[in-house]
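Below you'll find the structure, written out as structure tokens, and then a few comments.
The values are calculated or read from the model by the stated rules, or taken from the named source; none is laboratory data. Computed from a predicted structure; not experimentally measured. Glycine gets a Cβ as well: all are built from the backbone with ideal geometry, and neighbour counts include every protein chain shown. Each accessible area value is taken on the protein alone, full model and side chains, heavy atoms only, with ligands, DNA and RNA left out. Shrake-Rupley method; radii C 1.70, N 1.55, O 1.52, S 1.80 Å.
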Amino acid sequence: MTNSKIDQSFDDIAIKFDKNIYGSSKGQLRHELLLHHMHQAMPLQNAPLEVLDAGGGTGFMSQAMLELGHKVTLTDISKEALLLAEQRLSSQDQYQCLHTDILSLDDSTGYDVVICHAVLEWLQNPQQVLEKLARLVKPQGYLSLSFFNKDAQLFGNMCYGNFDYVEQGMPAKNIVRLSPNHPLQPKEVLDWLAALPLVIKQQAGIRCFHDYLKQNAQQISHYQQLKQLEIQYGRQQPYMWLGKYFHIISQAN
């Protein structure tokens, strides 16, 4: 993530974050859907590529890229998250972990693939960080960007009957530190991308249906069937706009 003085760091709760996010069907499905869409739109089979996992936390996506044979630079502002990442990646050798914010990365270092998943929604200045990420992509390289969808957040809260919370403007709940501080509207981020030297190759909703199931037990009992339907409809309108996360893959000019 970026600027540790103002942006959300997961120091002190990195273990809880790792367990709550990736130890659940929510986290597992998000990870698998992101990988599916990345394989569809990017030449990930052409190893080794130079990959930047910006704000990559405890290293789940970095691990997937390393297993594909790529060289990975993982950055985060949380020392605790990076310690967990080092443990997770210890059997690999083509990676480095950098304790730094995104804005401090060297513009002269370009990457074939820049990954920034579930980061922008924790930042005070997401547009500035997005501009920085675009500068880190090599010509013809790729940016894989995902973020918490504010439109889906509102829709979900209405479905759950949280009418007062919606009327209050869905303020960030400081007590629940795993809830994103600044969810973003997909069309807003798409407008930011339109001003950058990037061409959008693919966009998809992530978890368009999973979080809305009336019977939560089906998230596990019907996981594979649900996953295939998420893949089938996640890139189709209107469903993609309802994904709890929105995923955009773009390519540098």
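Close Cβ contacts (under 8 Å, 6 or more residues apart or on different chains) running from residues in the range 33-48 that are more than 12 Å from residue 113 (Cβ to Cβ) and open to solvent by less than 20 Å² (accessible area, probe 1.4 Å) to residues that are aliphatic (A, V, I, L, M) and in a loop (DSSP other than H, G, I, E, B) are absent. Within the range 241-253, track down each residue that is crowded, with 20+ Cβ neighbours inside 10 Å and either of a type outside the set (S, T, N, Q) or over 21 Å from the mean Cα position of the chain (by Cα) (or both). Result: 242, 243, 244, 245, 246, 247, 248, 249, 252. If the condition is being in contact (Cβ under 8 Å) with a residue 24 or more places away in the chain, out of contact with any Phe, Trp or Tyr (no Cβ under 7 Å at 6 or more places or on another chain) and assigned to a loop (DSSP other than H, G, I, E, B), then the range 80-112 contributes 92, 94, 100, 101, 105, 107, 109, 110.
The single condition among (1) touching a residue at least 60 places away in the same chain (Cβ under 8 Å); (2) more than 19 Å from residue 248 (Cα to Cα) that residue 147 does not satisfy is (2).
Among the residues of the range 158-175 satisfying the criterion of being open to solvent by 70 Å² or more (accessible area, probe 1.4 Å) and assigned to a loop (DSSP other than H, G, I, E, B), which is modelled with the lowest pLDDT? Looking at the filtered set, the residue picked out is 175. Look at residue 80 and say whether it is open to solvent by 10 Å² or more (accessible area, probe 1.4 Å) and modelled with pLDDT of 95 or more. Considered against the rule, which asks whether it is open to solvent by 10 Å² or more (accessible area, probe 1.4 Å) and modelled with pLDDT of 95 or more, residue 80 comes out as no. With respect to residue 115, is the statement that it is touching a residue at least 60 places away in the same chain (Cβ under 8 Å) and either more than 19 Å from residue 30 (Cβ to Cβ) or out of contact with any strand residue (DSSP E or B) (no Cβ under 6 Å at 6 or more places or on another chain) (or both) true? Answer is no for this residue.
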